[in-house]
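Computed from the coordinates by the stated procedures, all read-outs in this text should not be read as laboratory data. This structure is a prediction, so every number in the text was calculated from the model and none was measured. Cβ placement follows ideal geometry from the backbone for every residue including glycine, while neighbour counts extend to all protein chains displayed.
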Ligand code: MSP
């Protein structure tokens, strides 16, 4: 059995979950569900990044210990993902004893590898980013571009990782598919950015902090804690038992896919692979960076007060429609814009009208003309039948092809096109007219519609697990045994629902 290990970034625990985090997490969930129904042994990991100066400061402001503080807020992420039907196999918290033990084991390996040394760090640190910024990253007035605050000059004795020793190896691993340590970076534009930056050469990085107490102590020098970013990356291996469960670790590592947005790609394609190379572990197979989205043309931010939470989205559109709308608005690999107004229009157009209507009219007609019994597959076919069968029968290949490339809009577009084609088929074949004279023909038409709906339902399952299950149930197909993804791949037809249940009720405007 093939296996599929997929991860999202671990989100900063003191952030309030918003639809930006949801975007990545839902995308990963669709892939995880898709691969599960495809028969792979999937491990889907998400979680929270809980150490660092920022969290410690927030805890202190509340008069709490950092651990009490993070324990009291982590549920925001856990429940946001429950609310969005996220099917993660594990939720890792970096403040857990298990992650700490794993990270220390990894650090010790790193230390023993000979790539760690003591040095002095002089730099400009942005607490908001939890990292040092270079002069060239600052705005013209010397501020951190993301936080609009000046970084603080900072100098201390730290432990360093000899990142500079890995430049050539990483370049080769990225650019040569035949390289032993090859991993791919997608989309190509992102890969080229990383390659361009890599060619400028690598500097060693400081991996520890003297002044940050809320972190994991270096096992060989407990006066320093591990720099949060370095520690956070290790979650991908500690979660699957790097230090305490060899069997699971060997089963799932290297990860098939690290998914994230573009702003943290460097950490995942340069620093992380170098750390892995240093300790002699294989690199992840693929790192994919999707774009950032703005809301109504503006960056979502607390200060602008325009942050939308997953809960707000779900209250407005329901869980499954929210998942679908997030992923079908603009192509995954590029930046885009979303707006709740355009979500509402697409909710009505794609879901309530096109898909809802198709199911509704098909179930009604099977009840009216065939007493609710799903018809058998017909022998002869008209040209319209053939066309519909060809399009619906090819849907699963198109979806597979799209999802292999993380082209979620490619998948949803193909599903939508099949729905419209089926609606047009109803208009052209006019079963309500045929029913008066030709029962065999009406039965054949309805078979084509039901079979098309079955194939649509199967492909919708990863995107909208609950609504697709309802769709399949209403046409008399159990979602857990829905047959093959090919035309005519189901034999056990029973009766359709006596009354169609609307999949997507119209929204109050
Ligand atoms: N804790 C680090 C990641 C460590 S991974 C070892 C971090 N956390 S974060 O909470 O800031 O999450 C960043 C991720 O949130 C992005 O990479 C992306 O997956 C998601 N997004 C946050 N806002 C987003 C948008 N507006 N648009 C798209 N993705 C967004 O960085």
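I need the calculated FRET efficiency for the pair residue 484 and residue 135, taking r as the beta carbon distance and R₀ as 56 Å, to the nearest 0.05. Don't skip to the end; give the middle numbers.
Working: r = 59 Å, r/R0 = 1.05.
Calculated transfer efficiency: 0.40.
For the range 360-509, what is the relative contact order in percent, using Cα pairs closer than 8 Å and at least 6 residues apart in sequence? Contact order relative to length: 34 percent. Taking every C-alpha pair closer than 8 Å and separated by at least 6 residues, the mean separation divided by the residue count of the range 438-509 gives a relative contact order of 26 percent.
At what distance in angstrom do the alpha carbon centres of the range 298-370 and the range 124-140 lie from each other? Between the Cα centres of the range 298-370 and the range 124-140 lies a distance of 38 Å.
With contacts taken as Cα pairs under 8 Å and at least 6 residues apart, the chain reaches a relative contact order of 14 percent. Relative to the longest principal axis of the Cα atoms of the chain, the long axis of helix 356-370 makes an angle of roughly 30 degrees. Distance from the alpha carbon centroid of the range 21-77 to that of the range 178-214 works out to 23 angstrom.
With n ≥ 4 as the cut-off for DSSP H runs, can you work out [θ] at 222 nm for the chain, using -39500 (n - 2.57) per run divided by the number of residues, rounded to the nearest 500?
Numbers: 20 runs with 227 residues, N = 509.
The helix-only estimate for the chain comes to -13500 deg cm²/dmol at 222 nm.
Going by a ≥ b ≥ c, the root eigenvalues of the Cα gyration tensor, does the range 243-283 fall in the rounded group (a/c under 1.5), the prolate group (a/b larger than b/c) or the oblate group? Verdict is oblate for the range 243-283.
Can you classify the range 354-409 as rounded, prolate or oblate using the Cα gyration tensor, where a ≥ b ≥ c are the square roots of its eigenvalues, rounded means a/c under 1.5, and otherwise it's prolate if a/b beats b/c and oblate if not? Oblate is the answer for the range 354-409, as a/c is 1.5 or above yet b/c matches or exceeds a/b.
Where does the chain land on the Kirkwood hydrodynamic radius, alpha-carbon pairs, in angstrom?
On the way: mean 1/r = 0.0399 Å⁻¹.
Computed over Cα pairs of the chain, the Kirkwood hydrodynamic radius comes out at 25.0 Å.
Extending 7 Å from the Cα toward the beta-carbon at both residue 176 and residue 371 defines two label points whose distance is 7.2 nm. Which percent, nearest 5, of DSSP beta bridges in the chain are antiparallel? That works out to approximately 45 percent antiparallel.
When a/c reaches 1.5 or more, the comparison of a/b and b/c decides; with that in mind, is the range 220-324 rounded, prolate or oblate per its Cα gyration tensor?
Values: a/c = 2.26, a/b = 1.79, b/c = 1.26.
Cα axes put the range 220-324 in the prolate bin.
Annotation: the antiparallel percentage among DSSP beta bridges lying fully within the range 30-153 is about 55.
Between residue 120 and residue 298, the FRET efficiency from the beta-carbon distance, with R0 = 41 Å, is close to 0.50.
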